[in-house]
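**Q** This structure is in structure tokens; I'll ask about it shortly.
The values are calculated or read from the model by the stated rules, or taken from the named source; none is laboratory data. Everything numeric here is computed off the predicted structure, so don't read it as measured data. With ideal geometry, Cβ positions are generated from the backbone for all residues, glycine too; neighbour counts draw on all protein chains shown. Protein only, heavy atoms only, side chains kept; ligands, DNA and RNA dropped before computing areas. Shrake-Rupley method; radii C 1.70, N 1.55, O 1.52, S 1.80 Å.
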Amino acid sequence: MEPEIFINFKHYDNAVGTNSEKLLADFKSIKNQDGLYYCVAETDLYLQKSFPGLHIYGQHVDSNGYGAFTGSVSMESLLDLGVKGSLLNHSEKRIDSSIIEAVVKKSKELGFKIILCVENLDEAEKYSKLEPAYIAYEPPELIGGDISVSSARPEIIGQAAEICKGRTKLLVGAGVKTKEDVDTSMALGAAGVLIASGIIKNAKPINRLVSLMGDR
């Protein structure tokens, strides 16, 4: 099974606005886009129309639909753009559990994929019961660092995979930078990885992504 790779553009200066478009144009050169997902800033989601062959996802979404909801990001509006999924509850944008439950419930009704971020095994146990499309396990102390979760805490990936088994797919994040990190995570039961700075802050993001993909 090939790893699914979710690239979080965050709000890095080299990955927002015109720079986001440039990155997507580079990533478009990869012929096999199966299993590649690009989570861009909300202001750049319109780019899905310009890159219909890419899987462009959001970084946050709300449970409300259209209406008097100033500042909201509805699933309906994203689906209208061709965007079919979003991150939720990232460590940099944590939300209340009641909101998480409402968003995941609605996502199932609309066929919208939620990548639900968790910080520990207790959260993985709690939220995997909601059966979102993915649980993304990211220890917050390792996010953006030089040590990957697959190196620092490999045993916990296996535990998270066991929790998610039969309920949802597991992604692993935090410090992931190399093909070895990806392979280790997969061997321990993950379906793929969620990665940000390891690709986006690299001098050649396209080269780093290709190196993570291996021979596929």
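**Q** Quick check: at a probe of 1.4 Å, how many percent of the accessible area of the chain sits on carbon and sulfur atoms?
**A** Roughly 49 percent, rounded to a whole number.
**Q** Still on this model: Can you bin segment 173-216 into rounded, prolate or oblate? Criterion: square roots of the alpha carbon gyration tensor eigenvalues sorted a ≥ b ≥ c, rounded for a/c under 1.5, prolate for a/b above b/c, oblate for the rest.
**A** The shape class here is oblate.
**Q** When ranked by the protection proxy of mean other Cβ atoms within 10 Å per residue, highest first, what sequence do the peptides 2-9, 45-52 form?
**A** 2-9, 45-52
**Q** In percent, what relative contact order does segment 43-86 have, based on Cα pairs under 8 Å that are 6 or more apart in sequence?
**A** This gives 45 percent for segment 43-86.
**Q** Same structure, new question: Using Cα pairs under 8 angstrom and six or more residues apart, how large is the relative contact order of segment 17-152, in percent?
**A** 16
**Q** Can I ask one more? Quick check for you: with a 1.4 Å probe and neighbouring chains kept, what is the accessible area per residue of segment 65-125, in Å²?
**A** Accessible area per residue: 50 Å².
**Q** Output ³J(HN,Hα) for segment 82-88: one whole-Hz value per residue in order, computed from phi by the Karplus curve 6.51 cos²θ - 1.76 cosθ + 1.60 with θ = phi - 60°, and x for Gly and Pro.
**A** With coefficients 6.51, -1.76 and 1.60, one gets x, 7, 10, x, 7, 5, 8 Hz.
**Q** With no solvent and one equal point scatterer placed on each C-alpha of segment 64-132, evaluate the Debye formula and give log10 I(q)/I(0) for q = 0.15, 0.27 Å⁻¹, two decimals.
**A** Scattering profile of segment 64-132, log10 relative to I(0): -0.49, -1.37.
**Q** What does the charge count around L81 come to, taking other residues whose C-beta lies under 14 Å from its C-beta (Lys +1, Arg +1, Asp -1, Glu -1)?
**A** With Lys, Arg at +1 and Asp, Glu at -1, the neighbours total -2.
**Q** If you don't mind, another one. Report the net charge of residues surrounding S63, where surrounding means a beta-carbon distance below 14 angstrom and charges are Lys +1, Arg +1, Asp -1, Glu -1.
**A** Once all neighbours under 14 Å are counted, the net charge is -2.
**Q** Now, a different point. Just tell me, in residue order, which DSSP H segments of the chain are both 30 angstrom or longer along the helix axis (alpha-carbon based) and at least 0.5 in mean Kyte-Doolittle hydropathy.
**A** none
**Q** Which length gain, in nm to one decimal place, applies between L121 and N32 when the Cα-Cα distance is subtracted from 0.36 nm times their residue separation?
**A** Length gained between L121 and N32: 28.7 nm.
**Q** Next question, about the same structure. Over the alpha carbons of the chain, what is the largest minus smallest coordinate on each principal axis, giving the biggest first in Å?
**A** Result for the chain: principal-axis Cα extents of 47, 38, 29 Å.
**Q** For K113, what residues show an amide H to amide H distance below 5 Å, using hydrogens built from the backbone and excluding near sequence neighbours?
**A** G85, S86
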